1. With the structure loaded, tell me whether ASN61 is touching a Pro at 6+ places or on another chain (Cβ under 9 Å) and farther than 22 Å from ILE175 by Cβ or whether it fails that test.
2. Every residue in segment 77-119 that is under 21 Å from the mean Cα position of the chain (by Cα) and free of Cβ contacts under 8 Å to residues at least 12 places away in the same chain, please.
3. Look through ALA264, ALA220 and report the one residue that is in a helix (DSSP H, G or I), under 21 Å from the mean Cα position of the chain (by Cα), modelled with pLDDT of 95 or more and under 28 Å from GLN276 (Cβ atoms).
4. When you scan segment 128-160, how many residues do you find that are open to solvent by 10 Å² or more (accessible area, probe 1.4 Å) and of a type in the set (Asp, Glu)?
5. Could you tell me whether LEU70 is assigned to a helix (DSSP H, G or I) and either more than 10 Å from ILE33 (Cα to Cα) or under 20 Å from the mean Cα position of the chain (by Cα) (or both)?
6. Quick test of your reading of the structure: PHE295 fulfils all but one of (1) farther than 18 Å from GLY16 by Cα; (2) open to solvent by 50 Å² or more (accessible area, probe 1.4 Å). Name the failing condition by number.
7. Check every one of the helices (runs of 4 or more DSSP H) wholly within segment 115-210 and list those with 2 or more residues that are over 23 Å from SER261 (Cα atoms).
8. For segment 31-39, check the following and say yes or no: at least one residue is in contact with a helix residue (DSSP H, G or I) (Cβ under 6 Å, 6 or more places away or on another chain), of a type in the set (A, V, I, L, M, F, W, C) and under 22 Å from ASN298 (Cβ atoms).
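The values are calculated or read from the model by the stated rules, or taken from the named source; none is laboratory data. Bear in mind the structure is a predicted one, so any value in this text is a computation, not a measurement. In this analysis, Cβ positions are derived from the backbone assuming ideal geometry, glycine residues included, and neighbour counts consider all displayed protein chains. Calculation scope for accessible area: heavy atoms of the full protein, side chains included, ligands and nucleic acids excluded. Shrake-Rupley method; radii C 1.70, N 1.55, O 1.52, S 1.80 Å.
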Amino acid sequence: MKMIKIHAPATSANVGPGYDIFALALHEPYDEIEISLNDSGRITIEIENNIENIPTEVRDNSAGLAALELLERNGIDQGVHINILKRMPSGGGLGTTGASAAGVIFGLNKLLNLNLTTNEMIDCARKGEVASGGSPHADNVAAALLGGFVLVKSYNPIDVLKLDMPDVPVVLAAIRKSQRSTRGFITYEIGQEKLKEQMARCSRVIHAIHTKDMSEFGMAINVDYIHEHVRGAAIPNYWDTKKRILNSGAFGCTISGGGSSVIAFCPKEKQSEIAQIMEESFSDNPHFVKVIQTFSSNVGIRVAR
């Protein structure tokens, strides 16, 4: 096999209190990625519908950097061409760079018959995230690869657990960041009481998924002391809108990934109402893209048919 085409889904990382350790896959949107082998000895990248001017230089692109990591790690001299058809808005906390990195690792693992373990693929793919955010975080790439809800149990060595969760309705206001990354503004000095609350809420999230209690899940993700106050400050109307969404009957609402997208989990009958609230609150933001109604998904990257 010399070519493979896959679908790589959007993901939402951090998921409330789980900074860099929690993420979940979404049913839609997704990007299409085609990976082909050749004899050039080089990695080349082509991006269709590239309205955000995503770089195609190998070391500046998450897919290219992940592919380079895999080939170097396994001592392989192989030409690879990567074609990405963008169907997801980039730069807004939808895990698009992680989807590209994970998708290429998934495809190359099959094309080259490497038989890598899940954790080995995640470890390679997360290196691609350095191209966009400077940090090799594993949450987005793991959720894209595995689907469902993922928990990064360890970073050294990398060890990820997938948990299946109900197909809960999701409303997502896709908003691009006004700057490349906000990681540099986040401090981890949150104090003893907030640290204990953060840890308790992480435990509460996992318990809610095990018991399939989405109301409990929503309450658990509604508070974060590490990144939400930093990234929320960069989203006009965020706190008032979050309050309106919760008062309308959502299970929970938080910032998706590195922002500036906002994600809410809700009963199916509340999905349209919450989508309207987001449209009213965020559509005047110059970085607003659109409101997406979708579901969480236990299916990750898959071969396109």
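1. Numbers: touching a Pro at 6+ places or on another chain (Cβ under 9 Å): yes; farther than 22 Å from ILE175 by Cβ: yes.
Against the criterion (touching a Pro at 6+ places or on another chain (Cβ under 9 Å) and farther than 22 Å from ILE175 by Cβ), ASN61 qualifies.
2. THR117
3. Details: ALA264 fails: in a helix (DSSP H, G or I).
Result of the check over ALA264, ALA220: ALA220.
4. Qualifying residue count for the region: 1.
5. Values: assigned to a helix (DSSP H, G or I): yes; either more than 10 Å from ILE33 (Cα to Cα) or under 20 Å from the mean Cα position of the chain (by Cα) (or both): yes.
For LEU70, the condition - assigned to a helix (DSSP H, G or I) and either more than 10 Å from ILE33 (Cα to Cα) or under 20 Å from the mean Cα position of the chain (by Cα) (or both) - is met.
6. Going through the list (1) farther than 18 Å from GLY16 by Cα; (2) open to solvent by 50 Å² or more (accessible area, probe 1.4 Å), PHE295 breaks only (1).
7. Numbers: elements: 118-127, 130-133, 139-146.
Passing ranges, in order: 118-127.
8. Yes, segment 31-39 has at least one match.
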